[in-house]
Amino acid sequence: MNPVFQYLRSSIGRKQLMGLSGLLLYGFLLVHLFGNLGLLSGPEYFNGYGHLMLHTLKKVVIPIEVLLLGAFLLHLLLGFKVTAENRAARPDRYAVRASKSPRTGFGAYMAVSGVWLLVFILVHVPHFRFGAYRATPLVTYNGVEMRDLYAEAVRSFANGWFTLFYVGSFLLLLVHLAHGVRSSLQSLGINHPRWNPALDFVSYVYAVVICGGFSGFAIWLWSQGGVAA
Amino acid sequence: MNFKLRLWRQANGNAKGNFQEVEAQGVSPDMSFLEMLDEVNNDFLREGKDAVAFESDCREGICGTCSLVINGLPHGPDRGTTACQLYMRKFKDGQTITVEPWRAKAFPVIKDLAVDRAAFDEIISVGGFISVKTGSAPDANGLPVPKRDADSAMDAAACIGCGACVAACPNASAMLFVAAKVSHLGHLPQGQPERQRRVVRMVSKMDELGFGNCSNRNECEAACPKEISVEHIARMNRDYGVSALLGTDRDRSEAGA
Ligand code: FES
């Protein structure tokens, strides 16, 4: 059998792909969070940033988006497959369930949080990434017409339910990452007693920064009450 | 001490099982869990009933034959202890204790609490060995082994193959068992010739036998009576990636050595 094919079919090969794709998506979130910082500089700056990314730098950004989409689909499909196999590996459940592991807590919710995040992405990406070609209002700065993503964000987050949906999703993201990051590293073979406390620390801090950051923006926009600054 | 036991009874692998409730009375706190079950069985036999089947051999925590899930925990509540080394004083008087078999598709029930762990033998048979020079005994210290490697190999070699890792894993994965064998032999100079084919073949066999995938919940490590660390799993993950992608065709093939 072809070595790559054999590797990709094996339990360990798939877990390593799962981990790599997860880490890639996770890294993207930091870039996204930096982009959101532009909200603090007001509409002109933020909309300019969106225009730069989605229009001016199209040739660079679209291949990256395709890569992220690929990683996302792979992560999703492997997630479903591995979960189904794992259920099949224990056809009869235990009558009494107990645990001696300190790590199991968050790990038990990977499939649930993963499915929720899928729903979130299906709502979020069409709205803010492709909304221009539907309903996002347009503005013109210095003769360049662009999407008014700032106004769209302010308008959307004025709705309390919308904000709650976002913040709730970020909490589930926190749950997903609290297990996912260290788990990915373990699948890739990164585990050493000298470095484990540091890895734990960095992965937890990172998860809190990402989720806290995104939630902070959602709540801040909501608190603006729909009035564009 | 008195206990209320809920014992899993299942006539064979195809039959439907259910719990049988029994009272265990006058149990000495110094009895092991298995001795307590022996007494229950004696009562069953006196009453002309079918004794409950469970496995044991050494009863001193070194053979890996005993295999009971006690109140949801393989080998019971103690850390680093097999069921045969678990004493009744660890339980509260009057407590209800539920006893189940290892549950995994790859470990079919033979009867009651006894399961068939031949799947582990199959995994061992494809790579859990080394080639040795037969004949005169080698010189002591003829092969230098760094202390750190010797220690890691020894930690992994402590595996008694009981299968508690599979029983404890939410996915019934055999990763800790396989990793222990791969680490035990792969750390030592004697294990190098087969190092790549060992990891590839043992993992392929494990996948084929219907064990689940590892999701790094570390339940195995916590349940292991020999407290084998999931670091060995990380090491196997590294070894597997390298060997599967870079190993020779012969190393990756199913065939024997
Ligand atoms: S009977 Fe040998 S380890 Fe328990």
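The values are calculated or read from the model by the stated rules, or taken from the named source; none is laboratory data. Computed from a prediction, not measured in an experiment: that's the story for all the values here. Ideal geometry is used to build each Cβ from the backbone, glycine not excepted, and the neighbour counts take in all protein chains shown. Each accessible area value is taken on the protein alone, full model and side chains, heavy atoms only, with ligands, DNA and RNA left out. Shrake-Rupley method; radii C 1.70, N 1.55, O 1.52, S 1.80 Å.
Per DSSP helix of 4 or more residues, -39500 (n - 2.57); summed, then divided by the residues of chain A. What does that give at 222 nm, rounded to the nearest 500?
-23000 deg cm²/dmol
Which whole-number value in Å² is the accessible area per residue of the protein assembly as shown, probe 1.4 Å?
I get 48 Å² per residue for the protein assembly as shown.
Among A:F120, B:L185, B:M202, which residue has its Cα furthest toward the positive end of the charge dipole of the protein assembly as shown, with +1 on Lys/Arg Cβ and -1 on Asp/Glu Cβ?
Of the candidates, A:F120 comes out farthest on the positive side.
Ignoring ligands, DNA and RNA, please state the percent of accessible area on region B:3-110 from carbon and sulfur, probe 1.4 Å.
Roughly 44 percent, rounded to a whole number.
Using the Cα centre as the reference, give the magnitude of the dipole from point charges on the C-beta atoms of region A:3-223 (Lys, Arg: +1; Asp, Glu: -1; all else neutral), rounded to the nearest 20 debye.
Around 920 debye, computed over region A:3-223.
Through the Karplus equation 6.51 cos²θ - 1.76 cosθ + 1.60, θ set to phi - 60°, convert the phi angles of region A:170-183 into ³J(HN,Hα) values in whole Hz; use x for Gly and Pro.
Along region A:170-183, the couplings run 5, 5, 5, 4, 4, 4, 4, 7, 4, 8, x, 5, 5, 5 Hz.
Arrange the peptides B:228-240, A:205-217 so that the one whose residues have, on average, the most other Cβ atoms within 10 Å appears first.
So the peptides B:228-240, A:205-217, ranked by packing, come out B:228-240, A:205-217.
Please compute, for peptide B:218-229, the average count of beta-carbon atoms on other protein chains lying within 10 Å of each residue's beta-carbon.
Mean inter-chain Cβ contacts per residue within 10 Å come to 3.
List the residues of region A:54-101 that lose 40 Å² or more of accessible area once all protein chains are present, compared with their chain alone (1.4 Å probe, heavy atoms only, no ligands or nucleic acids).
For region A:54-101, once contacts with the other chains are taken into account, A:N86, A:A89, A:R90, A:Y94, A:A95, A:V96, A:A98, A:K100, A:S101 lose 40 Å² or more.
Across the residues of B:93-104, average count of Cβ atoms on other protein chains within 10 Å?
2
Let me spell out the model: positive unit charges on the Cβ of Lys and Arg, negative unit charges on the Cβ of Asp and Glu, origin at the Cα centre of the protein assembly as shown. What dipole size does that give, in debye rounded to 20?
1020
Would you check chain B for Lys pairs whose C-alpha atoms are within less than 14 Å, ignoring same-chain pairs closer than 8 in sequence, and give me the count?
4
Excluding ligands, DNA and RNA, what is the accessible area buried between chains B and A, summed over both sides, using a 1.4 Å probe, to the nearest 100 Å²?
Using a 1.4 Å probe, the pair buries roughly 3700 Å².
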